[in-house]
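See structure below.
The values are calculated or read from the model by the stated rules, or taken from the named source; none is laboratory data. None of the values given here were measured: they were computed from a predicted structure. Because the Cβ atoms are built from the backbone with ideal geometry, glycine has one as well, and the counts that use them run over all protein chains shown. These accessible areas exclude ligands, DNA and RNA; they are computed on the full protein's heavy atoms, side chains included. Shrake-Rupley method; radii C 1.70, N 1.55, O 1.52, S 1.80 Å.
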Amino acid sequence: MEENTKSKPDVGSTAWLTNKQKAAMVIISLGADKASEIYKYLQERDIEDLTYEVARLGQSTNSQVEGALDEFYKLCLTHKMMTDGGLEYARTVLEKAFGESTARNLLDKVSKTLQSRPFNFLSKGDPKAMISLMQNERPQVIALILSYLDAELAANVMMNLPDDKRLDTISVMAKMDRVSPEAISLVESEMKRKFDTIITSEDNMNIGGLDYAADVMNHIDRSTEKRIFDDMEKVDPDLASEIRDRMFVFEDILGMDDRSIQRFIRECDTKNIVYALKTATDDMKQVFFNNMSKRMAETVSSDMETTNNVRLRDVEEAQQKIVNLIRKLEDQGELIINKGGSDEDVIV
């Protein structure tokens, strides 16, 4: 009997894996905390598919995991080079680094991803040029377009809108949830005579929302931010409060300077610190302990060891109390939250 010499797939290779299986390997390798952060940016269908693949993946070899991570890294690198330096720049660098064939495959994959997002071509646009095109549009249209842009670019556009239109736009953006393909197509057809290319969305996309509105506001200079919130407080105080709550989160304490951290710790209830640090990372705990007196650090450390069976709701409430205190002290000029905006916010 003639021996079958047909080659079999290498069990250590990723060549036979689907893209979803590779994505599952990347998610698993990141760990639960980082994976949960990525899930926030995915659509429900993608989350379901990815979770299904994670559940059924089973055992994988080290070489398979390394291969999936390597491919993911190369795709991220390609995406950054294409968006920052352009197609030809990315092609030149990738060919030198990985060879012509690999570079071509990476560029093809990333190009398809970039082309699938509506209004992507605006990412390189001049904010002033965009203003001249959008200043006469309805706030709903402006909010839709800005929701597809990088938060910093959207903030630059937002700052140049008239005061009344700026308030309406940020309000509409914050209340956005999902937009149907039909609605996006309607906006696209309306704007075709003003923009060269608009890509049609095939699926409902998560755009706008409170978190995105807060991200935009974090990039706006403080004087403009104050004017927006002062006006918003008059017409929709609940929305203003919800956006404010998302502009600074507990994890952002890691980016604060030591003097500001020491300032709010002096005002903190020790119980709130103990509860807030129960689920905190080691880096966060170290930041708190490094900025406490030795006596206070010993007290907090001891209380953390003896405080058990704390509900997650109580932990989150304690963290929010600390965040509220920080924002209150910032409003009073007692400490600094370093955020995007004008040069006045730079710590020197």
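Considering the conditions (1) of a type in the set (D, E, K, R); (2) open to solvent by 60 Å² or more (accessible area, probe 1.4 Å); (3) at pLDDT below 80, Asp70 is excluded by exactly one of them, (3). Tell me yes or no: at least one residue of the stretch 98-110 is assigned to a helix (DSSP H, G or I), open to solvent by 10 Å² or more (accessible area, probe 1.4 Å), among the aromatic types (Phe, Trp, Tyr) and at pLDDT 75 or above. Looking for residues that are assigned to a helix (DSSP H, G or I), open to solvent by 10 Å² or more (accessible area, probe 1.4 Å), among the aromatic types (Phe, Trp, Tyr) and at pLDDT 75 or above, one finds at least one in the stretch 98-110, hence yes.
Can you confirm whether the stretch 259-275 contains a residue that is open to solvent by 60 Å² or more (accessible area, probe 1.4 Å) and farther than 23 Å from Asp303 by Cβ? Looking for residues that are open to solvent by 60 Å² or more (accessible area, probe 1.4 Å) and farther than 23 Å from Asp303 by Cβ, one finds at least one in the stretch 259-275, hence yes. For the stretch 294-310, filtered to residues that are at pLDDT below 90 and surrounded by 10 or more Cβ atoms within 10 Å (Cβ to Cβ), the residue that is farthest from Asp245 (Cα to Cα) is Thr307.
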